[in-house]
Amino acid sequence: MLRDWLDADLPHMPGLFDAPDIAANTDIPSPFDADAFLVRIRRRRAQGIVDLAVTRDGEEPRGLVALHVASGVLGYAIGPSHRGRGLASRSLRLMTTFCHEELGFTRLRLSIVQGNVPSRRVAESAGYVRSDDAVVERTNGLGQPKLLETWHWIAPVTSG
């Protein structure tokens, strides 16, 4: 299940997002500050970026999935202790389906750090393919440059 972030989620956030690979592969800052992150999530909503908590039961957050509504760019991060259970793949498929069926997107995009094999596997499992677009350089959560590959999902063509 995906849901909005709550004040009650603050104690869970450091265990999810204060990890070296999260900072290296995302723009989530390190050192991690849960209070500032919750403020960021709420500020981003006003900017058209929706960050949702990934849960198994609607309760304890285990990660996040994000959508930039104007551009159709998705992102995801699962806490280290919750990986290997398919949460990222299921969350990405769920958001992809929602974006297509409810919001009318026919194309969605991911930006994956070069060499991030687990994230590539998640993308592939959700039907995304590596594009021929040029690699883009951005800054990660540690303030270091990272090289991003673009991955796309394109809606299947339906007859009728």
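Across the stretch 121-160, the number of residues qualifying as part of a helix (DSSP H, G or I), of a type in the set (A, V, I, L, M, F, W, C) and free of Cβ contacts under 8 Å to residues at least 12 places away in the same chain comes to 0.
Among residues of the stretch 80-120 being hydrophobic (A, V, I, L, M, F, W, C) and without any contact (Cβ under 8 Å) to a residue 24 or more places away in the chain, the one that is nearest to residue 54 (Cα to Cα) is 98.
Restricted to the stretch 145-160, and to residues there that are among the hydrophobic types (A, V, I, L, M, F, W, C), farther than 11 Å from residue 108 by Cβ and modelled with pLDDT of 85 or more, the residue that is surrounded by the fewest Cβ atoms within 10 Å (Cβ to Cβ) is 147. Take residue 53 and decide whether it is in contact with a Phe, Trp or Tyr (Cβ under 6 Å, 6 or more places away or on another chain) and within 23 Å of residue 31 (Cβ to Cβ). It is true that residue 53 is in contact with a Phe, Trp or Tyr (Cβ under 6 Å, 6 or more places away or on another chain) and within 23 Å of residue 31 (Cβ to Cβ). Every test in (1) under 26 Å from residue 152 (Cα atoms); (2) modelled with pLDDT under 95; (3) of a type outside the set (Gly, Ala, Ser); (4) surrounded by 16 or more Cβ atoms within 10 Å (Cβ to Cβ) is passed by residue 51 save one, and that test is (2).
Residue check: residue 89 meets all listed conditions (1) within 13 Å of the chain's Cα centre (by Cα); (2) within 17 Å of residue 23 (Cα to Cα); (3) not aliphatic (A, V, I, L, M) but one, namely (2).
Residues checked against (1) surrounded by 17 or more Cβ atoms within 10 Å (Cβ to Cβ); (2) of a type in the set (Gly, Ala, Ser); (3) farther than 21 Å from residue 131 by Cα:
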| position | (1), (2), (3) |
| --- | --- |
| 75 | yes, yes, no |
| 78 | yes, no, yes |
| 81 | no, yes, yes |
| 87 | yes, no, yes |
| 92 | yes, no, no |
| 95 | yes, no, no |
| 103 | no, no, yes |
| 106 | no, no, no |
| 117 | no, no, no |
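When you scan the stretch 129-143, do you find a residue that is closer than 19 Å to residue 87 by Cα, out of contact with any helix residue (DSSP H, G or I) (no Cβ under 7 Å at 6 or more places or on another chain) and of a type in the set (D, E, K, R), even just one? No: the stretch 129-143 contains no residue that is closer than 19 Å to residue 87 by Cα, out of contact with any helix residue (DSSP H, G or I) (no Cβ under 7 Å at 6 or more places or on another chain) and of a type in the set (D, E, K, R). Limited to the stretch 67-108, what total is found for residues that are within 19 Å of residue 28 (Cα to Cα), part of a strand (DSSP E or B) and not hydroxyl-bearing (Ser, Thr, Tyr)? Qualifying residue count for the region: 7. Taking the criterion of being without any contact (Cβ under 8 Å) to a residue 24 or more places away in the chain and outside any helix (DSSP H, G or I), the residues of the stretch 7-31 that qualify are 18, 31. Answer yes or no as to whether residue 36 is in a strand (DSSP E or B) and under 24 Å from residue 145 (Cα atoms). Considered against the rule, which asks whether it is in a strand (DSSP E or B) and under 24 Å from residue 145 (Cα atoms), residue 36 comes out as no. Using the structure shown, decide if residue 76 is of a type outside the set (Gly, Ala, Ser), out of contact with any Pro (no Cβ under 8 Å at 6 or more places or on another chain) and closer than 25 Å to residue 143 by Cβ. Yes: the conditions hold for residue 76.
The values are calculated or read from the model by the stated rules, or taken from the named source; none is laboratory data. None of the values given here were measured: they were computed from a predicted structure. Don't worry about glycine lacking a Cβ; one is built from the backbone with ideal geometry, like all the others, and counts go over all protein chains shown.
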